[in-house]
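Single-structure report; data block below.
What follows is calculated from the coordinates using simple rules that are stated; it is not laboratory data. Bear in mind the structure is a predicted one, so any value in this text is a computation, not a measurement. Here the Cβ is made from the backbone with ideal geometry for all residues, glycine too, and neighbour counts use every protein chain on show.
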Amino acid sequence: MEMRSFSDYLRSVDDEAFLKLFNARPDLVAPVPADIASLAVRACSAPSLARAIDSLNQWQFQVLEAAAALNEPFTLKSIVAITDKAAASALEHLIGIGLVYPSDDGMRLPSQLRDVIGNEPAGLGPSSIAKIKIADVDKAPPEAKKVLERLIWGPPRGSVGDIKNPGPGVAWLLEQKFLVPLDQRTVILPREVAIYLRGGKVHKESFINQPELSGAKRIEHQVDLAAIANISTVLRWVEELLNFWADEPSDALRAGGLGVRDLKILSNHLGVDESCTAFITELAYLSSLISFDAQDRIMPSHKFDIWLMQTPADRWQLLASQWLITSRASGLVGRADAKNVAALGPELDRVNAAKVRALTLSILKENPTVAPDAGSFNNVLTWRAPVRRNSSLQEELANWTLREAEWLGITGQGAISKYGIEFLTGEDLSIINQDLPKTVDHILIQSDNTAIAPGPLEHEISQQLAMMAEIESRGGATVYRFSEATIRRALDHGKTGDEIKSFLSKTSKTPMPQPLEYLIADVSKKHGKLRVGNTSAFIRCEDTALISQIMNDKRLEILALRRIAPEVVICDHDATDTMRILREAGYLPAGESATGIMLTGARSNRALTKPRPPRVIGEIEIPNQDILNSAIRAIRTGEKSTHKQTHLRQAANEALGALPRTTANETMDLVNRYILEEKSLSIGYADNNGAVTHRIIDPIRVSAGALIARDHATGEVQSFRIPRITGVAPL
Amino acid sequence: MTDGPLIVQSDKTLLLDIDHPLSTECRRAIAPFAELERSPEHIHTYRLTPLGLWNARAAGHDAEQVIDTLIKYSRYAVPHSILIDVAETMSRYGRLRLEADPVHGLILVTTDSAVLEEVIRARKIQPLLGARIDKETIAVLPSQRGQIKQSLLRLGWPAEDFAGYVDGQAHEIALKQEDWKIRPYQELAAEGFWHGGSGVVVLPCGAGKTIVGAAAMAHAKATTLILVTNTVAARQWREELLKRTTLNEDEIGEYSGAKKEIRPVTIATYQVMTKKKNGVYSHLDLFDSYDWGLIIYDEVHLLPAPIFRFTADIQSRRRLGLTATLVREDGMEGEVFSLIGPKRFDVPWKEIESQGYIAPAECIEVRVNLTETERLSYATAEVENRYRFCATTRTKRDVVEALVKKHQGEQILVIGQYIDQLDELSEVLGVPVIKGETPVKEREILFNKFRSGEITTLVVSKVANFSIDLPDATIAIQVSGAFGSRQEEAQRLGRILRPKSDGRGAKFYSVVSRDTIDQDFAQNRQRFLAEQGYSYKIIDADDVFQGKI
């Protein structure tokens, strides 16, 4: 079978090659294409090609550029000639991911690839149409050399005052056809001349190998120690944040997200800077630990309670795994000299965030015990991902990833930790539980009204203490300070003075100092002298007998009246309802202005709504091997049946002499093939009213959803919109 | 993870578990660079501050040592950010140096020309500089040596001062250790100061700061100016120096409101130094009147602003600051660092107590209940009068009476803030009162009588807060104070901390009105001492009346 188009090539490869292709370009099997023709169309579409190019490193991209600088078909030899002999393996990779494909007469590029990488690959102009004597370039007069020097490394265009009246250098070059006029004012340097002047190579320098990552060398043991400290810290941060919100939910901004002032309050509470605070709030959000309720208040969700009961390793894994895949970049919050972006807000998504994060982590993983320098790290990053769509934030995203990985404990002292490696390779993380410092079950109370927990406290104790005392200092240990306000808070939470006292003396290894005992006694004595409660309506009457009467009236049971003073009764129905019911029962109530009732909610809030974590925008994940294998089977089967159907249809068409009919995918496949083969086609084309006419055309190229072709009937080049082409058949 | 005694917190505090076997060793290791913040009974808190770290650099420690020490003693992993911060902060010290150049006089030299470029562009620094000598050197106006150090510190680029000190006019001074011996910590303090050149020594009240001063003078062997808080303190310094050193009466002068003597060793009061005549500080010339080799600032935490300004101009003389608490209510610790010098010596109170150099003290808070009428008037009193009202309630008088009766025969001081209250107490107790208007002569007579045991009880106002030497006072009863001043509480306790001849412990009573702002202030006042490990015991006024204590 002759093999010229990309689909021909795909039909010829084995399953292993498919696997490699799909692994590198998961978008090709999401959803699984019906047959090889549609697979080929998808693989040659501009978005998919751009994605594939994104995955290239600098050397692979250089080789691709060199390939694009050659006329098709080309050979490995011709590529090596203009690059380096290392190009062979790079080319193999390019073939493997379908950016270059072999055909009968040599290598070719998928038809739209040139559109994606631009018309001037590596700053090279088009090939010269005229024949030129390349060696004569060396004889160029000095003025001409000057002009050439400016154009060698691209862009290959230069402007001249007037093409009809050029300077002596340009004139000589034009005469020798070393420059080609484009229009009245522009000249262009042909590809051959530029490559010759570049010394026969396309690039000034071939970046074959990844640059070395330099930075401080760390000791593995120290790295792990630092990382485990970071892990315990980040868990504590999240817990403290959510406990804070359980007490005092923040109000979300109308535009969504957390206000600057609230962020500051949280940052003070946690004792970390604002960018770290934003990171922690986002972590909680990504992991569904918080939810926005109907009033747009930010509160812990039910999942928080479940999370708290898990082991540290599980808790950490949830946070880290959500962080790894999110498209949100919390580093955008509070950037200096940039528009203010709110944490938890709608503006944090960046399409390449997860990809850059993954790349950053993989570079770290390849270089254990190195805490990279920023400069060196960026060099490696640029080599690994030289051309990216939306590349603007790449460097910043990578730096944020380094910072956040440290906060999370994926790294310690800047180098990847064993926990980080295990997390990234999907190993069991229970080692974290073993390595975290052992929890302590006691505190030391001192006479200056502080209590010190000399290590991470057991969860129950730390919850209780956080209620009774203010945290003054955090870290391996925690310093708590008792004051009137904190004791009051504990009493507000329903503890009694005696409970506080007995909890503290039970938990403390040291005897309870007397001033603290007095403090607790003093505050609890005063606490609750004033009583506050919720009510909807009150009934007031100076006649206590009448009050007793309504309290005992069976018909009023529905009101669930409560007598809080001899002359005052309250109920939970609103005033209008209460009055109505009273009137129905034959009483004669009158309304009283009911302002000044303070409404306070329950202290520890949970949202009633279901958490809605942000969705992940960005790259398509690589499906597992089973799915890929079944995708291949599906394509193969589809291919067989399509083949049969096409034959049947063609036979029918021929019999009926009807307009050609093909499926959309077949259309694209055929068009791509006949463009290469430079054949004329017969197509059915629908006009604005839906009437289908028969046209004979010479296809030229496909661009932006249209087929550019010469119409035999008019002899003009015109564009045919692809969705309107009802079918294609070769003549 | 080791099992060390130290926990390094992420907010740069260091918690030292003093029950740990390595705690003493660790304390010695971290003391050079960390500031002791609190030393209650179980866990001491130190803090890493830029000043502390620069202090350590000044004393010849480098970041490597500091980091090694932290890691060595730390129980948990030391937060990486702190290690970075330590290295970063310490590397800022010493990039700029002040030196004396034989040609250009005082010069500012750098090892990093970018830093020099940065600082000479600062608006505050520019007017202090002379001509640019080369890329790394610039001349400094010699008169601005203190000013430039102060301004550079504020910019975060502290300059190391290598310009040296003038020796001053030599004068033979030696310690006269015949019937007494200098204590080891006093000697350490004096030596620490002498090696550092200038600086501050922090010692508890009653721990013998005067002797540290005398020992420093013996090191300097030069004419000395001593600045003290008031005349009584001046006289005590004089007596102490006569007793402890080879100086004789003619060599020591007093420069105060009463006398204006200038001798090789001159003791001047802050009050006279800051007295203005026609809008100028006429007495500040004293600093120039002699070629002083050493200047001692007693109670440096009280140093008034004009003297600070003047101190900036005498940077070539050695300076020693003495204090019990470096807590300044005005937050001018940075000025003390750059103008007097870094802290050279510091030791927890309880450590000295355990060595027996200060008397063990028991702190007792006596809570009195206001009567119903008092409560009502308190509740309706104007906010600004509330403290005065509850601090001077009638009930306190009865408690004081009962306490004085209970401790009959012991030397008792009754200390308060409000003169009316003190007058009333003096009348009720039938004992003399010393207040601001009491003439110095009369004060001395009373103090001497008190010392000799002729009178056993004295009522004193805040004039007695500082530097009066009452060797045998064993009981102090505080009835009111300057609101929530922690430092005042410490000074007052200091009055009874001198070791007693019979080894008896001292008692410090603080009488407080229950459920009032008085109680809130008391809590704040007690904080410093509680942080020094003094545990307060709270009792009821009724217990006092019933003799239960």
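Across segment B:359-545, the fraction of Cα-Cα pairs farther apart than 19 Å, rounded to a whole number, is 56%. Computed over chain A, relative contact order equals 14 percent, with contacts defined as Cα pairs under 8 Å that lie 6+ residues apart.
The alpha carbon gyration tensor of segment B:184-353 gives principal lengths a ≥ b ≥ c with a/c of 1.5 or higher and a/b no greater than b/c, which makes the shape oblate. Each of B:G130, A:A255, A:Q176 was placed along the dipole of the protein assembly as shown (beta-carbon charges, centred on the mean Cα), and the one lying farthest toward the positive end is A:Q176. Helix B:231-244 and the longest principal axis of the C-alpha atoms of chain B enclose an angle of approximately 70°.
Its Cα centre serving as origin, segment A:410-467 has a Cβ charge dipole (Lys and Arg +1, Asp and Glu -1) of approximately 160 debye. Shielding by partners for peptide A:465-476, expressed as the average number of C-beta atoms from other protein chains within 10 Å of each residue's C-beta, is 4. By the Cα gyration tensor, chain A has an equivalent ellipsoid whose semi-axes, rounded to whole angstrom, run 70, 36, 25 from largest to smallest. Here segment A:134-197 is treated as a sphere whose radius is the Kirkwood value from Cα pairs; by Stokes-Einstein at 37 °C and 0.692 mPa s it diffuses with a coefficient of 288 µm²/s. Placing dummy labels 7 Å off each Cα toward the beta-carbon, the span from B:S354 to A:T544 is 6.5 nm.
In this entry, segment A:1-159 is assigned a mean projected area of 11.3 nm², taken as a quarter of its C-alpha convex hull surface.
Determine the shape class of segment B:106-206: with a ≥ b ≥ c the square roots of the Cα gyration tensor eigenvalues, call it rounded for a/c under 1.5, and otherwise prolate if a/b is greater than b/c, oblate otherwise. Here segment B:106-206 falls in the prolate category.
For the pair B:K405 and B:Q177, label points projected 7 Å from Cα toward Cβ lie 5.0 nm apart. Restricting the calculation to Cα atoms, the protein assembly as shown shows an Rg/Rh of 1.11 when the hydrodynamic-style radius is the Kirkwood one. With a/c under 1.5 counting as rounded, go ahead and sort segment B:96-161 into rounded, prolate or oblate using the C-alpha gyration tensor (a ≥ b ≥ c being the square roots of the eigenvalues; past the cut-off, prolate if a/b is larger than b/c, else oblate). Rounded. With an 8 Å Cα cut-off and a minimum separation of 6 or more residues, compute the relative contact order for segment A:112-180 in percent. Value for segment A:112-180: 38 percent.
By the helix-only formula, in which each DSSP H run with n ≥ 4 contributes -39500 (n - 2.57) and the sum is divided by residues, chain B has a 222 nm mean residue ellipticity of -11000 deg cm²/dmol.
Peptides A:367-374, B:296-303, A:160-167 ranked from most to least packed, by the mean per-residue count of other Cβ atoms within 10 Å: B:296-303, A:367-374, A:160-167. Rounded to the nearest 10 degrees, the angle from helix B:419-429 to the longest Cα principal axis of chain B is 40 degrees. Find how many whole Å separate the alpha carbon centroid of segment A:461-517 from the alpha carbon centroid of segment B:14-47. Segment B:14-47 and segment A:461-517 have Cα centres separated by 24 Å. The protection proxy used here, the mean number of other Cβ atoms lying within 10 Å of each residue, ranks peptides A:233-240, A:337-344, A:672-679 as follows, highest first: A:233-240, A:672-679, A:337-344.
Other protein chain C-beta atoms within 10 Å of residue C-beta, averaged over B:82-95: 0. Across peptide B:9-15, the average count of Cβ atoms from other chains found within 10 Å of a residue's Cβ is 6. Beyond 18 Å in Cα-Cα separation lie the following of the pairs A:K204/A:K355; B:K275/B:K462; B:K260/B:K449; B:K276/B:K462; A:K495/A:K529: A:K204/A:K355; B:K275/B:K462; B:K260/B:K449; B:K276/B:K462.
Here segment A:444-524 is treated as an ellipsoid with the same Cα gyration tensor; its semi-axes, largest first and in whole Å, are 18, 13, 12. Projected label points at A:A664 and A:S430, each 7 Å from Cα along the beta carbon direction, are separated by 5.1 nanometres. Estimated from helices alone, the mean residue ellipticity of chain A at 222 nm is -13500 deg cm²/dmol (sum of -39500 (n - 2.57) over DSSP H runs with n ≥ 4, per residue).
Over chain B, the hull volume per residue, using the convex hull of the C-alpha atoms, is 177 Å³. Distance between the C-alpha centres of segment A:368-384 and segment A:201-259: 16 Å, rounded to the whole angstrom.
Overall, the protein assembly as shown carries a charge dipole of about 1780 debye about its Cα centre when +1 sits on the Cβ of Lys and Arg and -1 on the Cβ of Asp and Glu, all other atoms neutral.
Antiparallel beta bridges, as assigned by DSSP with both residues in chain B, represent about 35 percent of the total such bridges. Relative protection proxy for B:168-174, B:415-421, B:492-498, B:376-382, from highest mean packing down: B:492-498, B:415-421, B:168-174, B:376-382 (other beta-carbon atoms within 10 angstrom).
Working note: Cα gyration tensor of segment B:6-92, eigenvalues times five, square-rooted, sorted largest first, giving semi-axes of 20, 13, 12 Å. Could you state the angle between the C-alpha long axis of helix A:374-384 and the longest principal axis of the C-alpha atoms of chain A, as a value from 0 to 90 degrees rounded to the nearest 10? The helix A:374-384 is inclined about 50 degrees to chain A. Going by neighbour counts of Cβ atoms within 10 Å, the residues B:F310, B:F162 line up, fewest first, as B:F162, B:F310. Across the options A:I700, A:S45, A:I564, the greatest Cα extent toward the positive end of the charge dipole of the protein assembly as shown (unit charges at beta carbon of Lys, Arg, Asp, Glu) belongs to A:I700. Where in segment A:158-189 is the amide nitrogen less than 15 Å from a point lying 7 Å along the Cα-to-Cβ axis of A:E149? Counting backbone N atoms under 15 Å from the label point, the list is A:169-170.
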